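Participant: Before I ask anything, let me first share the structure, which is written out below as C-alpha cells.
The values are calculated or read from the model by the stated rules, or taken from the named source; none is laboratory data. This is a predicted model, so every value here is computed, not measured. Glycine also receives a Cβ, built like all others from the backbone with ideal geometry; neighbour counts cover every protein chain displayed. When the accessible area is computed, the model is the full protein with side chains, heavy atoms only, and any ligands, DNA or RNA have been set aside. Shrake-Rupley method; radii C 1.70, N 1.55, O 1.52, S 1.80 Å.
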Amino acid sequence: MRIILLGPPGSGKGTQGDLIEEKYGFPKISSGDLLREAVSQGSELGKKAEDFMNRGELVSDELVVAMIKDRIAAQDCQAGFTLDGFPRTIPQAESLVAIDPASQEVVLDIQLTDKLIIERISARRICSLCGNIFNLRLKVPAAENLCDLCGGELIQRKDDTPEVISRRLRVYRELTLPLVRYYSEKRVYFPIKGESKVEDVFAQVEAVLEKNIPGLRITS
Ligand code: AMP
C-alpha cells in the first residue's frame with residue numbers, strides 16, 4: 001500500500017502525512033526532509049542536491065528515485081507507507097510502479113489557491129532539531145520561536161522566501177501537475193480541499209482512506 005500526497009508546496013502534505021502515520025501507522029516519507037537531512041550531513045547526495053533546492057528547482061529524478069527506493073526497502077515500510085513530495089514528475093511516478101508493480105496506490109491531492117500557499121509558506125517555521133512543522137498563524141508554538149515537542153529553535157526554510165516560492169510554484173505547475181491526469185486515468189486520484197483547518201482536511205483524508213483501503217487498521 002502506498003499513499004501518495006500530491007499538492008503544491010505549502011498545501012499541508014507534511015502535516016497530513018504525520019496525522020496519517022499517527023492514526024494508521026504508515027510511516028511518512030518526505031523526500032524534502034530526506035534531502036534536507038542529506039544536505040545537513042554533507043553527504044554526496046546532499047552536495048548534489050543543495051543548489052537545486054535553494055533555487056526551488058527539482059533534484060534529478062535519478063537521485064531522488066534511488067533515495068526513495070532505499071528508504072522504502074526498510075522493514076517499517078513493508079505494510080505500506082505515505083509519500084510526501086514524491087513523485088513530483090511522471091518518470092518518478094513510473095519508477096515507483098516499477099519498484100513494486102502490485103502495490104495499491106491511493107493519491108490524495110491537497111488543493112489550495114496560490115494566494116493561500118504564499119500566505120502559509122511565509123508563516124511556516126520548522127524546528128531546527130526535530131523538523132516539527134509550525135505556522136505563525138495556524139499552528140502557533142506555545143513559547144515564541146521554540147518547538148513544543150523538543151524545545152528546539154524554530155527556523156524558516158531557506159527556500160520559503162517569496163522569490164523561491166514563486167519558482168517552486170512554477171515548477172509544480174509544469175512538472176508535477178501532469179500527475180493529476182496520470183493518476184486520474186489510473187482511477188486512484190482523490191482531490192482534497194486544503195483550505196480549511198488541519199482537522200477538517202484530515203477528516204476528508206480519513207474518509208477517502210477508510211473507503212478505499214480494504215482492511216485499513218487504526219493503530220493509535
Ligand atoms: P519539499 O520539502 O517537498 O518542499 O522539497 C524541498 C525541495 O527538495 C524541492 O523544492 C526540491 O528541490 C527537492 N525535492 C523534494 N522532493 C523532490 C522530488 N520528488 N523530486 C525532485 N526534487 C525534490
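Participant: Give me the accessible area per residue for the chain, probe 1.4 Å, as a whole number in Å².
Facilitator: 52
Participant: While we're here: Share of Cα-Cα pairs in segment 34-84 beyond 14 Å, in percent?
Facilitator: When every Cα pair of segment 34-84 is considered, 55 percent fall beyond 14 Å.
Participant: Accessible area of K13, 1.4 Å probe, to the nearest 10 Å²?
Facilitator: 20
Participant: Just how much of L58 is accessible, in Å², when a 1.4 Å probe is used and the result is rounded to the nearest 10?
Facilitator: Surface accessible to solvent at L58 totals approximately 50 Å².
Participant: Compute the convex hull volume of the Cα atoms of segment 2-211, divide it by the residue count, and report the result per residue in Å³ as a whole number.
Facilitator: That works out to 120 Å³ per residue.
Participant: Which cross-chain or sequence-distant (5 or more) residues have an amide H under 5 Å from the amide H of G25, H modelled 1.01 Å from N in plane?
Facilitator: Correct list: T219.
Participant: Ignoring ligands, DNA and RNA, please state the percent of accessible area on the chain from carbon and sulfur, probe 1.4 Å.
Facilitator: Using a 1.4 Å probe with all protein chains present, the chain comes out at 53 percent carbon and sulfur.
Participant: I would also like to ask the following. Name the residue farthest towards the positive end of the dipole of the chain from the options L58, A123, I192, assuming +1 on Cβ of Lys and Arg, -1 on Cβ of Asp and Glu, about the Cα centre.
Facilitator: Projecting each Cα onto the dipole axis, the largest value belongs to I192.
Participant: Sticking with this structure for a sec: Just how far, in whole angstrom, is segment 1-18 from segment 149-214 if you go by their alpha carbon centroids?
Facilitator: Centre-to-centre (Cα) distance: 4 Å.
Participant: Hey, got the dipole for segment 2-211? About the Cα centre, +1 on K and R Cβ, -1 on D and E Cβ, debye to the nearest 20?
Facilitator: That gives a dipole near 460 debye.
Participant: Taking θ = phi - 60°, what integer Hz values does the Karplus form 6.51 cos²θ - 1.76 cosθ + 1.60 yield along segment 185-195, in sequence order, with x for Gly and Pro?
Facilitator: My calculation for segment 185-195 gives 5, 7, 6, 10, 9, 9, x, 10, 7, x, 7 Hz in order.
Participant: Rank these by accessible area, largest first, 1.4 Å probe: D51, D33, D84.
Facilitator: Sorted descending by solvent-accessible area, the residues read D51, D33, D84.
Participant: If I take the Cα coordinates of segment 1-101 and project them onto the principal axes, what are the three extents in Å, biggest first?
Facilitator: 35, 28, 26
Participant: Hey, another quick one. Using the Cα atoms of segment 87-176 to build a convex hull, what is its mean projected area in square nanometres?
Facilitator: 7.6
Participant: Can you sort D109, D114 by solvent-accessible area, 1.4 Å probe, largest first?
Facilitator: Accessible-area ranking of D109, D114, largest first: D114, D109.
Participant: Counting Lys +1, Arg +1, Asp -1, Glu -1, what net charge surrounds E62 among other residues with beta carbon under 14 Å of its beta carbon?
Facilitator: -1
Participant: If you don't mind, another one. Are there GluC sites (Glu not before Pro) in segment 124-178 that DSSP marks as loop and that have at most 12 other Cβ atoms within 10 Å, and which are they?
Facilitator: Sparse-neighbourhood loop GluC sites (Glu not before Pro): E144.
Participant: Also: Could you give the dipole magnitude of segment 127-210 about its Cα centre, charging the beta-carbon of Lys and Arg +1 and that of Asp and Glu -1, in debye to the nearest 20?
Facilitator: So the magnitude is around 480 debye.
Participant: May I ask you to list the aspartates and glutamates whose Cα is less than 13 Å away from that of K139, ignoring any residue fewer than eight positions away on the same chain?
Facilitator: D148, E199
Participant: Restricting to DSSP loop positions (anything but H, G, I, E, B) with no more than 13 other Cβ atoms inside 10 Å of their own Cβ, which GluC sites (Glu not before Pro) remain in segment 50-136?
Facilitator: none
Participant: What pairs from K48/K158; K13/K47; K23/K186; K23/K158 go past 20 Å between their alpha carbons?
Facilitator: K13/K47; K23/K186; K23/K158
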